[in-house]
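Notes follow once the structure below has been shown.
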Amino acid sequence: MLNCTKQIEGSSFNCLLVSSKPNLRYLLGVELDTGERLTALLLNPNESPKLFIHEMFREKLKLDDLEIEIIPYVDSVSPVDLLFSNFKHSVGVDKDLPSHFLIKLMKAYGELEFHTNYIVEKMREKKEPSEVRAIRKSSRIADAVMHQITQLQIFPATEKDLAKNIEDFFGEHGVDELAFKPIIGFGENSASPHHSISNKNSSLNQPILIDMGGVHEGYYSDITRMNYFGSKNSEFEEVYKIVQDVQKQAIEMVKPGIRFSEIDCFIRKELNKWNYEKYFIHRTGHGIGLELHEGPFIHENNLDTVEEGMVFTIEPGVYIPNKFGVRIEDTIVVHEEGCECLNLSSKELQYLNLLTI
């Protein structure tokens, strides 16, 4: 929290209000789920941090090692009034402060100035070694689940069947929370980057896209692989090889000092050589950690530079409408002179043996 207060001193506001659950966990080291009731950490330079939390959640706090003033409230007390009595005239708020609390503050106390800030989010972009270890373990579990899916799945099956098996396999590895509902795309459904799983059944001679992840010790994983049911398909193989090569080269580019925009633009330039750039319809990647999608975001307008300790995905894709899509996604961590791929699952195109039941 010391770094937070130092950055406040050089900002356009006098104090910082942190309400995002991931931000609070990052700063306090404890998961606080208080539902609709406001929980917020107020940081003022040269003052002890103050945590505003409902009385019934106070017993969950284990903050003995932190010098924090706890300010509990009950339902008959407005947390907005409590906050205002501790504000200075200019306040920075993080991206997740519920709008109904912010609007109440703005209406009741018009003399206050409010500023959006991303101080904590930017701090979170560079992971501590303990965080990298947790994300690496989370990624290894996702690798193990991907292996189970490709080696042990029995077909025919529906997209929903496959998603249920993924959930069960994660559970076998002690992961009870999925990072997101698995994205399973059979055949032409693979051409929709965020396809909603359906009852579509598997059939011969079609690709399948598997995008999934879990949450281990609070840290997320995210991986995408492609498989093919049935005989070889030369058109699909060609596109797959292009995406595979482009992703490999993009990962090799990653090192401290390179701009995120350079990575994204390189992929688009390479895909354009085969006239596939128009089918790459999302950003190249996103940061991952206490949230599935967090900074940094890898797109052509992000001119920030890569730094050691950052963890993010590289996931180029080509999506040809009404035919098929190809996406390969890995999570990487940046080291002093390059990067490490945290996913070890094979990226060779796998033709699955179909075991009918």
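Based on the Kirkwood approach, the hydrodynamic radius assigned to the range 1-158 is 17.8 Å, with every pair of different Cα atoms included. Computed from the C-beta positions of Glu69 and Glu348 and an R0 of 51 Å, the FRET efficiency is 0.35 to the nearest 0.05.
How much accessible area does Tyr228 have with a 1.4 Å probe, in Å² rounded to the nearest 10? Ignoring ligands and nucleic acids, Tyr228 comes out at about 10 Å². Normalised by the number of residues in the range 98-195, the mean separation of alpha-carbon contacts (under 8 Å, six or more apart) gives a relative contact order of 17 percent.
Charging the Cβ of each Asp and Glu at -1 and of each Lys and Arg at +1, and nothing else, the dipole of the range 4-88 about its Cα centre rounds to 220 debye. Projected onto planes of every orientation and averaged, the convex hull of the alpha-carbon atoms in the range 169-313 covers 9.8 nm². The trypsin sites (Lys or Arg not before Pro) of the range 266-357 meeting both criteria, a DSSP state outside H, G, I, E and B (loop) and at most 13 other C-beta atoms within 10 angstrom of the site's C-beta, are Lys273. Rounded to the nearest angstrom and listed largest first, the equivalent-ellipsoid semi-axes of the range 196-260 from its Cα gyration tensor are 28, 21, 8.
Against the compact-protein benchmark of 2.2 N^0.38 Å, the Cα-based radius of gyration of the chain scales to 1.12. Its convex hull of Cα atoms gives the range 273-357 a direction-averaged projected area, equal to a quarter of the hull surface, of 8.9 nm².
With only Lys, Arg, Asp and Glu charged, each at its Cβ (+1 for the first two, -1 for the last two), find how big the charge dipole of the chain is about the Cα centre; round to the nearest 20 debye.
That gives the chain a dipole magnitude of about 720 debye.
Computed extension gain for Ser198 through His89, at 0.36 nm per residue and net of the alpha carbon distance, reaches 34.0 nm. Computed from the C-beta positions of Ser12 and Arg37 and an R0 of 30 Å, the FRET efficiency is 0.55 to the nearest 0.05.
Extension gain, Ile103 to Lys269, is 55.3 nm, computed as 0.36 nm per intervening residue step minus the present C-alpha separation.
Remark on the range 1-84: ratio of C-alpha radius of gyration to 2.2 N^0.38 Å is 1.06. Note on the chain: dipole from Cβ charges, positive end direction compared against Ser196, Leu344, Leu152; the farthest Cα belongs to Ser196. Which one, Val326, His293, Pro316, projects farthest toward the positive side of the charge dipole computed for the range 187-342 from Cβ point charges (K/R +1, D/E -1)? Of the options given, the answer is Val326. Hey, for a label at Lys241 modelled as a point 7 Å past Cα toward Cβ, could you say which residues of the range 255-283 have their backbone N under 15 Å away? Label zone hits: 274. Between the range 48-115 and the range 308-343, the alpha-carbon centres lie 38 Å apart.
Give Lys62/Lys137; Lys60/Lys181; Lys241/Lys347; Lys6/Lys95; Lys50/Lys137 a once-over and call out the pairs whose C-alpha atoms are over 22 Å from each other.
Listed pairs above 22 Å: Lys62/Lys137; Lys60/Lys181; Lys50/Lys137.
Projecting the Cα atoms of Ile103, Leu24, Ile53 onto the charge dipole of the chain (Cβ charges, centred on the Cα centre) puts Ile103 farthest toward the positive pole.
Leaving ligands, DNA and RNA out of it, report the carbon-plus-sulfur percent of the accessible area of the range 1-134 at a 1.4 Å probe. Percent of accessible area from carbon and sulfur atoms in the range 1-134: 49.
If you roll a 1.4 Å probe over the heavy atoms of the protein chains, what accessible area per residue do you get for the range 1-129, in Å²?
53 Å²
Applying a DSSP loop filter and a limit of 16 other Cβ atoms within 10 Å to the trypsin sites (Lys or Arg not before Pro) in the range 86-127 leaves Lys88, Lys95.
The charge dipole of the range 78-179, taken about its Cα centre with unit charges on the Cβ atoms of Lys, Arg (+1), Asp and Glu (-1) only, comes to about 360 debye.
The values are calculated or read from the model by the stated rules, or taken from the named source; none is laboratory data. A quick note: this is a predicted structure, and the numbers were derived from the prediction, not measured. Neighbour counts run over all protein chains shown; Cβ positions are idealised from the backbone, glycine included. Side chains are part of the model used for accessible areas, which takes the heavy atoms of the whole protein and leaves out ligands, DNA and RNA. Shrake-Rupley method; radii C 1.70, N 1.55, O 1.52, S 1.80 Å.
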